[in-house]
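Derivation of every value follows stated rules applied to the coordinates shown; laboratory data play no part. Since we're looking at a predicted model, the values are computed, not measured. All Cβ positions, even for glycine, are placed from backbone atoms using ideal geometry, and neighbour counts span all protein chains on display.
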Amino acid sequence: MIYEVDFEPIGRRVAVKPGTDLVEAARQAGVALSSDCGGRGTCGRCRVRLMAGNVSAPTKNELRKLGERSLREGWRLACQTQVESDVKVHLPLESMRGAQRLQLGGIEPQVPVEPIHQAVVVHVKPPDLFDARSDMTRLLHAVQEEAGVDHLGFDLALGRCAAETMRQDDWRVVAWLRDHEVTAVTPVDVVPLGVAVDLGTTKIAMYLVNLISGETLASGGAMNPQISYGEDLMSRIAYSMEDPARAAELSLVVVQAFNRLIAELCAKAKRSPRDIIEMVVVGNTAMHHLFLNLPVEQLGRAPYVAVVGESWDVKARELGLGIAPGAYVHLLPNIAGFVGADHVAMILGAEIHKAKGNVMGLDIGTNTEIVFNHNGQMTSCSCASGPAFEGAHIRDGMRATTGAIERVIWTGSELAITTIDDAPPVGICGSGILDAVAALYRAGVINQAGRFQAGHPLIRGERPNQYVVLAPAERTGHGRDVVITQRDVGEIQLAKGAIRTGIEFLLRHAGLTYHDLDQVIIAGAFGTFVDVESAITIGLLPSLPPERYVQVGNAAGVGAKLALISRRQRAIAADLGHQVGYLELMAQPDFTTVFAEAMLLPELEQV
Ligand code: FES
């Protein structure tokens, strides 16, 4: 008998014998799990979470290392846990050696810092027997006199801590004024911090920023822990709809991940989370709603309406974020149900709104959002490109981590591969899959319809299970061939067809063709590593001269940062929410025909 172990979020599956422990199963899948004690159950480094299936009962070591509560929540030590059925296991990032490649950086436009807060240095008059006004009255009075702003208010949390700060600092403090509210009071030598977050369906990218200089002090990333509850947005929406407690759980795991990252970045910068007085979070509309624990039911049904579209300020502590008690989280606007605040941030970060001529911007992911700026008229659409570029639904697919094949080239006589960290190959990530399809096409293995060509010497196996070996077993990290199958090619055709359909309809909407495009901006993690030539070869991107393509990195993260440090940029983002039109692809009468054409590969001589 054989059981299947599905390791998430990296999307690796392996067939093992009953009784195999999860460290061994991971090893067979080519996943390196931390196991400092060599599997004796004493180091606690191999923590994993069981999502589905049956495994052996917890051992005494697990009880000691994890505690009853964690065991109840499904946490286990992989080295102590044997497989007793098909199982699905979540691998937290910290339990893996060779973490997933996260794209944090992006090309940043130079914008002046225009702080959201006004720093008001005040020397508050200390109380005495002749002036026994309350602490907050005397603070607000001092701020009002110094800043010339009246009708001031303050936060409950500030009431709890300002008195102590003023006394400790001899009544000379900085009051941080946000419109008409004093949100924080700090000693005069404290430089206030802000945090910008790009909350992706798969990954979280966070930046700790000096709010006076605009400088990024530290940045870091993590997997979105909601992956344990569903790979794609629809399954998470379905999970949260089952029970309000589940919706709250999805919000909580993100907040906990934020707090962990905040602590990590503050430790790197040798600062305290209490010095963070402002935060900006961008994400797609579903991520935005799940983070805030807003209802998502209507997002899963036509016409896919958001509950909140406007930009919004929410108290950080209401969400459970451990930063300055009076701090706010600012959320950029959502344009539509599937075009969210991260798209607005991408437009802002890549300055697409300022572009002249015909400029298109794409953020390729499980859901791909595209904006087209046609002489200042901006329209966006959303394409259901699916998780194939994340390695899901691909036989040997995996996320971009150590040992993933990331490049495939047809040399004219063979398929040459490169892996992440030059490690022995164990699977293939998104950029590698896309390259592989382009290479198979150039090698004549597949035709324009993506079908394997009978009799080609690289093809192994019988229809319909034919495949091509990218790395033979003797060269791989797990001793099995890494292959690309006919079905994998089909999955990539579906994904690229969805994106190309979006491009075509946006152009059509403006009465143009791709020849009219002056520039195509490719943003996001996948977009950073994708080979544009391969993307053109398979028809994902139109055949334009290479200089018209620009890969800008994490533009959504950059946009979040701009909205954190600049009042003006924040106002532009709020306007974009109204200015950018939305094109619903499914409502286009010939959607099916255009999509079917977009699935085909273009003629080779045309690319
Ligand atoms: Fe050390 Fe599992 S490897 S506890």
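Between residue 2 and residue 59, what is the FRET efficiency for a Förster distance of 22 Å, r being their Cβ-Cβ separation, to the nearest 0.05? Please list the in-between numbers first.
Details: r = 24 Å, r/R0 = 1.11.
Rounded to the nearest 0.05, the efficiency is 0.35.
In the P(r) worked out for the chain, what percent of Cα pairs fall beyond 33 Å?
On the way: 91197 of 183921 pairs.
Considering the chain, 50 percent of its Cα-Cα pairs are separated by more than 33 Å.
Can you find, among 161, 151, 511, the residue sitting farthest towards the positive end of the charge dipole of the chain, where Lys and Arg contribute +1 and Asp and Glu -1 at Cβ?
My answer, from the dipole projection, is 161.
Using each residue's phi in the range 506-522, evaluate 6.51 cos²θ - 1.76 cosθ + 1.60 at θ = phi - 60° and report the 3J(HN,Hα) Karplus result to the nearest Hz, with x for Gly and Pro.
5, 5, 4, 3, 8, x, 10, 10, 5, 4, 7, 6, 7, 7, 10, 9, 10
Let me make sure I get this right: for the range 556-604, a, b and c are the square roots of the gyration tensor eigenvalues over alpha carbons, sorted descending. Under 1.5 in a/c it's rounded, otherwise prolate if a/b > b/c, else oblate. Which is it? Could you put the intermediate results ahead of the total?
Working: a/c = 5.62, a/b = 2.26, b/c = 2.49.
Here the range 556-604 falls in the oblate category.
Projected area of the range 319-467, taken from the Cα convex hull and averaged over every viewing direction, in nm²? List each step's numbers first, then the result.
Details: hull surface 56.7 nm².
Result: 14.2 nm².
Taking just the alpha carbons, could you work out the radius of gyration and Dmax for the range 436-504, both in angstroms?
Values for the range 436-504 (Cα only, Rg and Dmax): 13.4, 44 Å.
Does anything in the range 380-404 have its amide N under 20 Å from the 7 Å Cα→Cβ label point of residue 234, and if so which residues?
The answer is 381-395.
For the range 484-500, take each phi angle, set θ = phi - 60°, evaluate the Karplus expression 6.51 cos²θ - 1.76 cosθ + 1.60, and give the result in whole Hz per residue in order, putting x for glycine and proline.
3J(HN,Hα) across the range 484-500, in whole Hz: 10, 9, 4, 5, 4, 4, x, 4, 5, 4, 4, 5, 5, x, 4, 5, 5.
Taking a point 7 angstrom from the Cα of residue 533 along the C-beta vector, which residues in the range 396-413 have backbone N less than 19 Å away?
406-413
Residues of the range 138-179 with amide nitrogen under 17 Å from the 7 Å Cα-to-Cβ point of residue 212?
Once the point is set 7 Å along Cα→Cβ of residue 212, 172-177 turn out to lie under 17 Å by backbone N, inside the range 138-179.
Taking other Cβ within 10 Å of each residue's Cβ, how do 591, 452 sort, fewest first?
On the way: 591 14, 452 21.
Sorted ascending by nearby Cβ count, the order is 591, 452.
Can you pull the Rg over Rh of the range 152-242, Cα-only, Kirkwood? Let's see the in-between values first.
Numbers: Rg = 19.1 Å, Rh = 16.4 Å.
The Rg/Rh ratio comes out at 1.17.
How much net charge surrounds residue 266 when only the other residues with a Cβ under 10 Å from the Cβ of residue 266 are counted, with Lys and Arg +1 and Asp and Glu -1? Walk me through the intermediate numbers first.
Working: positive: 268, 270, 271, 274; negative: 264, 275.
The answer is +2.
Could you give the Stokes-Einstein D for the range 145-199 in µm² per second, using the C-alpha Kirkwood radius, 4 °C, 1.567 mPa s?
Numbers: Rh = 12.5 Å.
Result for D is 104 µm²/s.
State, to one decimal in nm², a quarter of the convex hull surface area for the C-alpha atoms of the range 332-391, i.e. the direction-averaged projected area. Spell out each step's value before the answer.
Numbers: hull surface 16.3 nm².
For the range 332-391, averaging the hull's shadow over all directions gives 4.1 nm².
What area, in nm² and to one decimal, does the C-alpha convex hull of the range 383-487 cast on average over all directions?
On the way: hull surface 26.8 nm².
So the Cα hull casts an average projection of 6.7 nm².
Determine, from the Cβ-Cβ distance of residue 248 and residue 584 and an R0 of 35 Å, the FRET efficiency 1/(1 + (r/R0)^6), rounded to the nearest 0.05. Kindly include the intermediate steps, with their values, before the conclusion.
Working: r = 31 Å, r/R0 = 0.89.
Once the sixth-power term is evaluated, E becomes 0.65.
Evaluate the Kirkwood expression for the hydrodynamic radius of the range 308-347, namely the inverse of the mean inverse distance over all pairs of different C-alpha atoms, and round to one decimal in Å. Kindly include the intermediate steps, with their values, before the conclusion.
Working: mean 1/r = 0.0908 Å⁻¹.
Kirkwood hydrodynamic radius for the range 308-347: 11.0 Å.
How large is ³J(HN,Hα), in whole Hz, for each residue of the range 68-83 in order, when computed from phi with the Karplus curve 6.51 cos²θ - 1.76 cosθ + 1.60 and θ = phi - 60°, using x for Gly and Pro?
With coefficients 6.51, -1.76 and 1.60, one gets 5, 5, 4, 4, 4, 7, x, 6, 9, 8, 4, 6, 9, 10, 9, 7 Hz.
Run the dipole for the chain about the Cα centre, Lys and Arg Cβ at +1, Asp and Glu Cβ at -1, nothing else charged, and hand back the magnitude in debye, nearest 20. Please report the intermediate quantities before stating the final value.
Working: 55 positive and 69 negative charges, 297 e Å.
Computed about the Cα centre, the dipole is about 1420 debye.
Go ahead and run the numbers for FRET between residue 301 and residue 256, Cβ-Cβ distance against an R0 of 22 Å, rounding to 0.05.
Working: r = 29 Å, r/R0 = 1.33.
It comes out at approximately 0.15.
Quick check on the exposure proxy: order 420, 10 from fewest to most C-beta atoms within 10 angstrom. Don't skip to the end; give the middle numbers.
Details: 420 24, 10 27.
Ordered from fewest to most neighbouring Cβ atoms within 10 Å, 420, 10 come out as 420, 10.
Dimensions of the range 495-607 along principal axes (Cα, Å, largest first)?
Principal axes ranked by extent give 48, 32, 24 Å for the Cα atoms.
Please list, short to long, the whole-number percent of alpha-carbon pairs of the range 49-99 in consecutive 5 angstrom bins beginning at zero.
Answer for the range 49-99: a P(r) of 5, 20, 30, 26, 15, 4 percent.
For a footprinting-style exposure proxy, rank 590, 422 by other Cβ within 10 Å, fewest first.
On the way: 590 11, 422 8.
In increasing order of surrounding Cβ atoms, one gets 422, 590.
Over every pair of different alpha-carbon atoms in the range 1-96, take the mean of 1/r and invert it; report that Kirkwood radius in Å.
Numbers: mean 1/r = 0.0780 Å⁻¹.
This gives a value of 12.8 Å.
Using packing as a proxy for protection, rank 359-370, 455-466, 69-80, 392-403 so that the peptide with the highest average count of other Cβ atoms within 10 Å comes first.
Values: 359-370: 25.5, 455-466: 12.2, 69-80: 18.6, 392-403: 23.6.
Top of the packing list down: 359-370, 392-403, 69-80, 455-466.
Might you list the cysteines of the chain that have no disulfide-compatible partner by the rule of another cysteine's Cβ under 4.7 Å?
46, 79, 161, 266, 381, 383, 429
Which shape class applies to the range 227-376: rounded if a/c is under 1.5, otherwise prolate when a/b exceeds b/c and oblate if not, where a ≥ b ≥ c are the square roots of the Cα gyration tensor eigenvalues? Before the final figure, lay out the partial values.
On the way: a/c = 2.00, a/b = 1.19, b/c = 1.69.
It comes out oblate by the Cα gyration axes.
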